[in-house]
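Data first, discussion second: the structure below is written as structure tokens.
Computed from the coordinates by the stated procedures, all read-outs in this text should not be read as laboratory data. Please read all numbers here as calculations on a predicted model, not as lab measurements. Ideal geometry is used to build each Cβ from the backbone, glycine not excepted, and the neighbour counts take in all protein chains shown.
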Amino acid sequence: MATMEQLANLINGQQVSAHSGKWLDNVEPATGAVYSQIPHSDQTDINAAVTAANNAFAEWSAMPVAKRSAHLQALADLLEENLEDFAHAESIDTGKPVSLARTVDIPRAVANLRFFAAAVAHTQSDAYFTDNHAINYTLRKPVGVAGCISPWNLPLYLFTWKIAPALAIGCTVVGKPSEITPMTAHKLGALTIDAGFPQGVLNIVHGSGATAGAALVEHPDVPAISFTGGTVTGQAIARTAGPMLKKLALELGGKNPFIVFEDANMPEALDHAIRAAFTNQGQICLCGSRIFVQRSRYDEFVAGMIERAQDFKPGDPLDHETRFGSLVSAEHKQKVCSYIQLAKDEGGTIECGGKEPDADALPPRVRGGCFLEPTIITGLNAQCRTNQEEIFGPVTTIMPFDHEEEVLQRANGTPYGLAAMLWTNDLDRAHRIAGQLDAGTVWVNCWLLRDLRVPFGGMKQSGLGREGGTEALHFFTEPKNICIRVRHN
Ligand code: TXE
């Protein structure tokens, strides 16, 4: 029997097992089989990683910016060279189609590293000339050891989204990838050794959220925590980090509205709505999971969505033709199924999907996997739980609306505020509505078009603080104002 691959922590430039010698199983969700193990790290491992990061901080933060950038660019080069290998690993680990991993996740992870390597060279410091008698300027120093905790849906993309700005600005890092999808972060850690990163600059500790994650958040020598994940976990982290007065960036859940006015370009709106609903099996915090369509076009839109959903046939994620893969775990699939049942109980009509694919619709290799058909539900009101709570799976509802004010109120009527999509050809209306939507990002006539320079994050329960561009670089610094009096003889 082949031996099971055992992943390693990266601490002080060395690949090591958990101090306790314990392991957690890592499952391939498309088959349900355990295919590797990760270190079940605890406080002892986190302490070792933080010590290594602390020891590396003085040299890394004092290094010329161009040299730090070169390290990140070297890592990006290696990742790009190994794109196929990483895409394959990400597909096995997450259940997402390998075609998505190789065209989106991995290239975007490369782009994150390159973007922040370049952006840090262009950071500016504010300076003010104060009424002719003082000059104020702001020194921004890296805050120290940054704790970066990432989720399972876009594992490498979101891991690099956090570590790249932290490293670029001069912080050292202890990263804690999701225990559900550890593989690509593990492989990236190995690449940092090949890229010649100084020891201790990037440390990666695997393990559960309750053990390794919590120990990282509680560590007194980690002054900044950047977290992406569920709202409940974000609230728990805030309860620990808040009283310790840590810097905190939380990117949490969403329940994003996708609003289609009658004047919209319908084929385009439909093509984007279907992608926004079902890309990555609906497991993207920016997915559009509540679609509002102006009544005159409602029936046509529902029919168009049902037709297009047929293109998202569940298949083996490793098959390059597959567009729609497996959910990330049996537990998560169970959660999504419970919401489909809830939608039925609340009086919804399942227009398509709503169940597992028939066994013979899947190739034999993946018949034990966590598959669900893309699901479209109508007939629900905006206030029911199905339309209020984050499902985070291949489930979208469609509702008709009559007026602007009505749709605004319903779109804004959830605890979340991450993203909103708006489809109209009326320029005045686009500006009018976009400005009033409760969302950190509003996409007008597009979805998931990203510019890494803009602030990214959520309003209300969708988060705290902003990532992206200058905001991300600033997050990992402690600004200090220096005021110099100007004497006039
Ligand atoms: O994520 P968790 P879960 C949503 C989605 C999903 C729900 C729960 O609705 O169904 O969250 O997902 C680490 N201290 N999103 O439970 O727990 C954990 O190990 C420190 C939206 O799988 O939030 C992992 O590394 N860390 C989301 C990370 O937190 C802790 C993406 C995220 O896990 C911890 C994923 C603790 N006490 C899920 N507990 C998005 N915004 O994109 C867990 N962790």
Ranked output for segments 22-33, 269-280 by mean other Cβ atoms within 10 Å, highest leading, reads 269-280, 22-33
Which peptide among 232-242, 391-401 comes first, and what is the full order, when sorted by highest mean count of other Cβ atoms within 10 Å?
-> 391-401, 232-242
Could you give the dipole magnitude of the chain about its Cα centre, charging the beta-carbon of Lys and Arg +1 and that of Asp and Glu -1, in debye to the nearest 20?
-> 1560 debye
Once you sort the root eigenvalues of the Cα gyration tensor of the chain as a ≥ b ≥ c, which label holds: rounded (a/c under 1.5), prolate (a/b larger than b/c) or oblate (the other case)?
-> oblate
Would you mind putting 344-356, 120-132 in packing order, based on average other-beta-carbon counts within 10 Å, highest first?
-> 344-356, 120-132
Among 29, 357, 9, the residue whose Cα sits farthest towards the positive end of the charge dipole of the chain (+1 at Cβ of Lys and Arg, -1 at Cβ of Asp and Glu, taken about the Cα centre) is 9
Residue-averaged [θ]222 nm for the chain, counting only DSSP H segments that reach four residues, each worth -39500 (n - 2.57) | -11500 deg cm²/dmol
Which whole-number percentage describes the relative contact order of the range 256-451, with Cα contacts under 8 Å and a sequence gap of 6 or more?
-> 28 percent
Whole Å is fine, so just give me how far the alpha carbon centre of the range 369-386 lies from that of the range 34-53.
-> 38 Å
To the nearest Å, what is the center-to-center distance of the range 305-335 and the range 392-410, using C-alpha atoms only?
-> 24 Å
What is the Cα centroid distance between the range 137-204 and the range 65-109, reported in whole angstrom?
-> 14 Å
